[in-house]
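What follows is a single structure, written as structure tokens, with notes after it.
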Amino acid sequence: MYNEKAVAETGSRTRLPCMWLFRKSFDISRARARNVTSDDLYAISRLLRDGSRRFSLLSGNDLEMLLAEGLGVALEAGGELRAVALISRSSEETCWLRAVAFAEGAESGAGITALVNALHASLKAAGVRHVYFGGDGNIEYWLLPTLRAMGYQHDTDVLAYEKQRLTIPGTGNAAVRIRPATREDLPAILRLDHLCFEPQWTKDDTILGPAIEQGPYFVVAELEGKVVGYAYATAHFGGRLMHLVRIAVLPEHRGQRIGVSLLADLITYARESGATAVTLNTQAYNQSAQRLYRWFGFAPTGEHHPILRCDL
């Protein structure tokens, strides 16, 4: 993030950077669409923080990484950014809409349409064929209706599960060795991830690499010296809650209770770390995973998030 005091002292910006936040009734037809760049970091950070309409699934250094790769478009007029849409690519042909933000006066239905049309044109030129979007009720009234009108259709729902009694109904495959993952495991984990999940759900090294090195819990399952599964979780609320972000087993090794071994290790770790609950999310159509979670003591919370897809 830019240091505002340093920017003011160097004189690199001669006008107040947030004055556009207070301008009304901006004519979106005056805006020019262009791809984002790393030079937009300051302006987009302010837009995501102070814009009149904002949606973001970004965390940590996500914004800097996406801008460095030019993953998004902006609407610009008068030297000011009026709107921005950012994406992350999960494969060459698949991406997720990760953030949308508008300055006041540019957030109308026409503004959303102009921004999404510019984004789609940029994505088509880059070879992207499918755009996915997962939101919540907070954006239902301003963003989702326009997206649906522009061809975004319901694809599935992501369901939430929770386990409060940290008991273990089974320990799984006795021949499996569960150990902490290391950076050297990353190639095998990436290969495993791409074999286990559809393109829109895969994770790359920019996510899995830092998770191995910095996360509180990241393990692999080994069978006869080969990595056949992995799991990682994050800690929240001072460690009282563990969230299982990912669990995967190679397709040819499913049915061998390796997933049970991974879940048992996670629950043991959570209990010994002082957690009182473990949560996870899964797709509504993944019935086999839900059967495993229910057997292991996870219960659906009733919370669900719709996933939309647009085929370009």
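Summary table below
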{"read-out": "Sites excluded, trypsin sites (Lys or Arg not before Pro) in DSSP loops with at most 10 other C-beta within 10 Å, longest stretch of the chain", "value": "166-312"}
{"read-out": "Residue among Y152, T276, S90 farthest towards the positive dipole end of the chain, charges placed on Cβ", "value": "T276"}
{"read-out": "Those chymotrypsin sites (Phe, Trp or Tyr not before Pro) in region 206-312 that DSSP places in a loop and that have at most 12 other beta carbons within 10 Å", "value": "F237, Y285"}
{"read-out": "Kirkwood Rh and Cα Rg combined as Rg over Rh, evaluated for the chain", "value": "1.02"}
{"read-out": "Span from the region 269-299 Cα centroid across to the region 205-259 one, whole angstrom", "value": "13 Å"}
{"read-out": "Zone residues, region 33-69, relative to Q214, backbone N less than 18 Å from point 7 Å out along Cα-to-Cβ", "value": "57-69"}
{"read-out": "Table column - 3J(HN,Hα) (Hz), region 75-83, Karplus curve with 6.51, -1.76, 1.60, x for Gly and Pro", "value": "9, 10, 8, x, x, 10, 7, 9, 7"}
{"read-out": "Antiparallel bridge percentage (DSSP; both residues within region 159-307; nearest 5)", "value": "85 percent"}
{"read-out": "Debye log10 I(q)/I(0) for region 120-220, one point scatterer per Cα, at q = 0.20 Å⁻¹", "value": "-1.21"}
{"read-out": "Contour minus Cα-Cα distance for D157 and R30 (0.36 nm per residue)", "value": "42.0 nm"}
{"read-out": "As computed over region 152-191, the Cα convex hull volume per residue (Å³)", "value": "205 Å³"}
{"read-out": "Alpha carbon convex hull of region 159-307, volume per residue in cubic angstrom", "value": "113 Å³"}
{"read-out": "Per-residue HN-Hα couplings for region 285-299 [Karplus 6.51, -1.76, 1.60; θ = phi - 60°; Hz; x = Gly/Pro]", "value": "7, 8, 5, 5, 5, 5, 5, 5, 5, 5, 4, 7, x, 7, 10"}
{"read-out": "Only Lys, Arg (+1) and Asp, Glu (-1) charged, at Cβ; the chain dipole about Cα centre in debye", "value": "440 debye"}
{"read-out": "Degrees between helix 205-214 axis and first principal axis of the chain (Cα, 0 to 90, nearest 10)", "value": "60 degrees"}
{"read-out": "FRET efficiency, 1/(1 + (r/R0)^6) with R0 45 Å, evaluated for S108 and W295 via beta carbons", "value": "0.35"}
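Values quoted throughout were computed directly from the atomic coordinates according to the rules given, and no laboratory measurement underlies them. Remember, predicted model here, so these are calculated numbers, not experimental data. Counting neighbours? That spans all protein chains shown, and the Cβs are built from the backbone with ideal geometry, glycine included.
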